[in-house]
Each structure stands twice: as C-alpha cells, then as structure tokens.
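Single-structure report; data block below.
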Amino acid sequence: MKDLWGWRNLAVSLVLLGLLPMSWPGLGASATNLRFQPSLLQARPGETARLEIWVDAAVDLARLELTASYDPQVLEAVDADPGREGVQVEIGPVFEGGYVPQNQVGDGTLRLVAQRFPADGSFSGQGIVAAVTFRVREGAPPGSYPIHLDPASLRLMGPEGRPLEVAGLTDGLVRVPPLTTALSGWITREGTADYGRTSVTAIFYPAGPVQPPLNWARACTDPHGDFLLPVPDGEEATPPDLSRPDEGPPSGPHEWAFVRLDFPNHGSECYWMPLDEEVVNIGWHVLEGGDINGDGCINILDIVRIIAEFGQSTPAPCVVPYAPCPAPDPVERVAPPSDVNGDCRVNIFDLTIAAENFGLCSNCP
Ligand SMILES: [Ca+2]
Ligand SMILES: [Ca+2]
C-alpha cells in the first residue's frame with residue numbers, strides 16, 4: 001500500500017505541475033475524457049491537418065453534442081460528405097450507423113450532434129467520435145492555432161438522456177511553422193584560437209514517418225567559428241560518401257535537419273535539429289581533438305601516431321589540408337599529419353589534447 005500511495009502522491013504532484021492530464025483511465029473511478037488526437041499538428045499553408053476527436057473511458061454513451069471553435073482566417077475545413085449541403089466532419093466508429101442531426105463546420109465553428117442507433121446499444125470505453133480535416137489557408141502567418149472544445153456546449157448522454165460527467169477536455173492545436181531559411185551556430189576546437197574551416201553538413205528531412213531526405217547543404221565556419229548555412233531549395237540526393245543515420249528523424253510535427261560537424265584529427269559530432277524557427281541556432285559545440293587516424297575514436301592508435309611524429313614541424317603559416325573547407329588563402333606549407341591544433345608542430349600540446357580525450361568516440365554514423 002505504501003508504494004501505491006507514493007505513486008499517487010507522485011501523480012498528484014505531476015498533475016499540479018501540469019505534467020499529467022487531469023484524467024487517466026484505469027485509476028480509480030473512470031473519468032470520461034474528450035480530446036483531439038493528435039493534440040498538436042504542424043502544417044504549412046496549402047497543407048492539410050487531420051484531427052480525430054476521441055472519447056476515453058466512456059460509460060454507457062448514447063448521444064454526444066459538442067461545439068468547437070477555430071480561426072477561420074487560417075483554417076478551412078475540408079468537406080467529408082460532398083453529398084450533403086455544407087461542410088461535414090467524418091463520423092467515427094462510436095456513432096457509425098447512428099443518427100447525426102447536426103454536422104456542420106464553417107465560419108470558425110464545428111457543431112456536431114450524434115446519437116447511436118438504439119438497437120446497437122450504448123458505447124463504453126475508448127473510441128473515435130469524429131475526425132475533421134483542416135486546410136491551412138495560403139498566406140496564413142506562422143503561429144499556433146487552437147481548435148477549442150467549448151465546455152459549455154458539451155453534452156454526453158446515456159440511453160435515457162441521462163447526463164454523463166466529462167472530466168477532461170483537450171483542445172487540438174495546428175501549428176503553422178515559420179519557414180526555416182538557415183542554420184547558424186558557433187563551433188570551436190581545442191588548443192587553438194583559429195576556429196575556421198570546420199565543415200557543417202546538414203541533411204534535410206520532411207516531417208512525418210520515415211522518408212528519404214529532401215536535400216543537403218554544407219557550410220564552413222569562419223575564423224571565429226561562426227557559420228550560416230542556408231537551407232537549399234528543391235530536392236537533391238545526398239552524395240554517396242556522406243553517411244546518413246540508419247534511423248529516420250525523431251517523431252514530432254517538425255521537419256528535421258541531421259547536422260554533422262567535421263574537421264581533420266577531431267572527433268565528428270552529429271545532431272538532429274528540429275526546423276522550428278526561421279533561423280535554427282544549433283548552439284555552441286566544441287570538437288574534441290585527437291582522432292588522428294579518423295576511425296571515429298580517440299585511443300592508443302592515435303597516441304602512437306602522435307608519438308611517431310613527435311617533434312615534426314613546418315614553418316608557420318601552414319594549413320591543415322581539408323578539401324570540404326579549403327583555406328581561403330592557400331599557402332604552400334602543410335601541417336604535419338598528426339598536428340591536432342594546427343600550429344604547424346607535433347608536440348606536447350597535441351599529445352595532451354589526445355590524452356585528455358582518450359576513450360571518446362564520435363556519435364556520427
Ligand atoms: Ca582514432
Ligand atoms: Ca600542434
């Protein structure tokens with residue numbers, strides 16, 4: 001019992017913190033809940049968003065009346081029943097084969113009254129009441145647009161018109177995202193003050209279930225470590241030597257970029273970034289030095305290479321050769337292969353950087 005009470009206290013705390021919905025099926029008396037599913041959808045102008053209305057933990061439900069409101073300047077309902085005057089929502093399995101005295105969407109209001117066919121009896125449990133598809137109007141400004149279930153309008157009734165209690169309502173939300181035009185960020189490296197020429201490569205994925213990427217782009221950091229990578233238009237296959245993650249993007253309503261950071265003799269880093277802002281800032285990242293042989297880990301093989309070249313040097317200025325981000329002012333002299341920090345010498349600093357990062361491995365595919 002102590003554990004149960006501990007769990008309940010935790011649940012109450014989470015509800016107070018707003019982390020759990022106000023009702024959850026299966027805990028104590030059933031609490032009937034009406035909600036939009038998914039509660040958040042992302043759609044750009046011209047795209048559609050389909051939201052289902054679910055009832056949870058219904059007990060003896062025979063009739064439902066509801067009104068929901070939305071912004072008609074942004075959202076336009078798509079007609080699910082062309083044979084009937086006006087614009088209708090789809091009727092879900094809960095009321096399939098029943099009576100639907102009211103079913104109209106328009107001018108920012110969704111009104112639905114549905115009753116089960118008496119011979120089918122009442123409905124208990126969890127099911128889909130209806131589904132509505134909205135199209136985002138062309139020119140709709142970026143923002144979040146709720147589909148609000150009006151509590152005062154809501155009536156759930158049992159077979160004899162007995163009112164049923166509704167414990168919770170969850171609105172739907174259609175998000176019109178800003179079009180991401182670029183990625184930005186700040187990438188530094190250890191043991192140097194010249195943060196230029198780190199390559200930032202982004203592979204762009206559409207929202208939704210696993211699909212191939214749309215296109216890709218690459219930028220190089222400037223000497224301060226800053227970069228701005230414009231999102232390309234159109235579609236372009238990723239080059240075969242650019243390895244992609246096995247898994248698709250994380251779930252969620254956003255489009256995604258898979259970003260990888262590379263520089264010779266450094267561990268590569270990879271990140272999934274949601275494209276949810278006009279300019280998505282990937283933040284500050286420090287590349288760890290010491291992967292001399294480029295196998296993705298910093299270990300004894302790299303230390304051995306540094307020791308083998310220890311003491312080698314070339315007069316400064318020199319460049320670390322890196323084809324994806326060539327030096328803006330090419331110089332003839334090339335840094336020794338095991339020069340981690342790019343100061344044209346292989347010495348104790350390079351060894352120290354590699355030793356401090358000993359055991360680290362890249363998270364890139
Ligand atoms: Ca290595
Ligand atoms: Ca060095």
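The values are calculated or read from the model by the stated rules, or taken from the named source; none is laboratory data. Because the structure is a prediction, the values reported are computed rather than measured. Virtual Cβ from ideal backbone geometry, glycine too; neighbours counted across all protein chains shown.
Inspect segment 52-72 for any residue being assigned to a loop (DSSP other than H, G, I, E, B), in contact (Cβ under 8 Å) with a residue 12 or more places away in the chain and of a type in the set (Lys, Arg) and give the result as yes or no.
Scanning segment 52-72, I find no residue that is assigned to a loop (DSSP other than H, G, I, E, B), in contact (Cβ under 8 Å) with a residue 12 or more places away in the chain and of a type in the set (Lys, Arg), so the answer is no.
Go through segment 179-190 and give me each residue that's part of a loop (DSSP other than H, G, I, E, B) and either surrounded by fewer than 16 Cβ atoms within 10 Å (Cβ to Cβ) or of a type in the set (Ser, Thr, Tyr) (or both).
Leu179, Thr180, Thr181
Looking at segment 274-282, can you tell me whether even one residue there is surrounded by 15 or more Cβ atoms within 10 Å (Cβ to Cβ) and within 13 Å of ligand 2 (Cβ to nearest atom)?
No; the residues of segment 274-282 include none that is surrounded by 15 or more Cβ atoms within 10 Å (Cβ to Cβ) and within 13 Å of ligand 2 (Cβ to nearest atom).
Can you name every residue in segment 321-340 that is more than 16 Å from ligand 1 (Cβ to nearest atom) and under 14 Å from Pro264 (Cα atoms)?
Pro321, Tyr322, Ala323, Pro324, Cys325, Pro326, Ala327, Val334, Ala335, Pro336
Go through (1) surrounded by fewer than 18 Cβ atoms within 10 Å (Cβ to Cβ); (2) more than 30 Å from Asp246 (Cα to Cα); (3) modelled with pLDDT of 95 or more one by one and return the number of the condition Ala217 breaks.
(2) is the only condition that Ala217 fails.
Determine which member of the set Arg137, Arg175 is within 21 Å of the chain's Cα centre (by Cα) and within 23 Å of Gly46 (Cβ to Cβ).
After applying the criteria, what remains is Arg175.
Suppose the filter is away from ligand 2 (no atom under 11 Å from the Cβ) and within 30 Å of Thr181 (Cα to Cα); does Asn293 pass it?
no
Which residues, counting only those in segment 302-332, are within 14 Å of ligand 2 (Cβ to nearest atom) and touching a strand residue (DSSP E or B) at 6+ places or on another chain (Cβ under 9 Å)?
If the condition is that a residue be within 14 Å of ligand 2 (Cβ to nearest atom) and touching a strand residue (DSSP E or B) at 6+ places or on another chain (Cβ under 9 Å), then Gly311, Gln312, Ser313, Thr314, Ala316, Cys318, Val319, Val320 are the ones that fit.
Taking Thr180 as the residue in question, decide whether it is among the hydroxyl-bearing types (Ser, Thr, Tyr), modelled with pLDDT under 95 and more than 30 Å from Asn265 (Cβ to Cβ).
Criteria met by Thr180.
Please state which of the following conditions Arg116 fails to meet, knowing it meets all the rest: (1) modelled with pLDDT of 95 or more; (2) charged (D, E, K, R); (3) farther than 15 Å from Ala58 by Cα.
With (1) modelled with pLDDT of 95 or more; (2) charged (D, E, K, R); (3) farther than 15 Å from Ala58 by Cα applied to Arg116, the lone miss is (3).
Scan Ile282, Ile307, Ile298 and give me the residue that is among the hydrophobic types (A, V, I, L, M, F, W, C), within 16 Å of ligand 1 (Cβ to nearest atom) and touching a Phe, Trp or Tyr at 6+ places or on another chain (Cβ under 7 Å).
None of the other options fit; the residue is Ile298.
Run down Asp295, Asp343 and say which single residue is of a type outside the set (A, V, I, L, M) and under 22 Å from Asp194 (Cβ atoms).
Unique residue meeting the criteria: Asp343.
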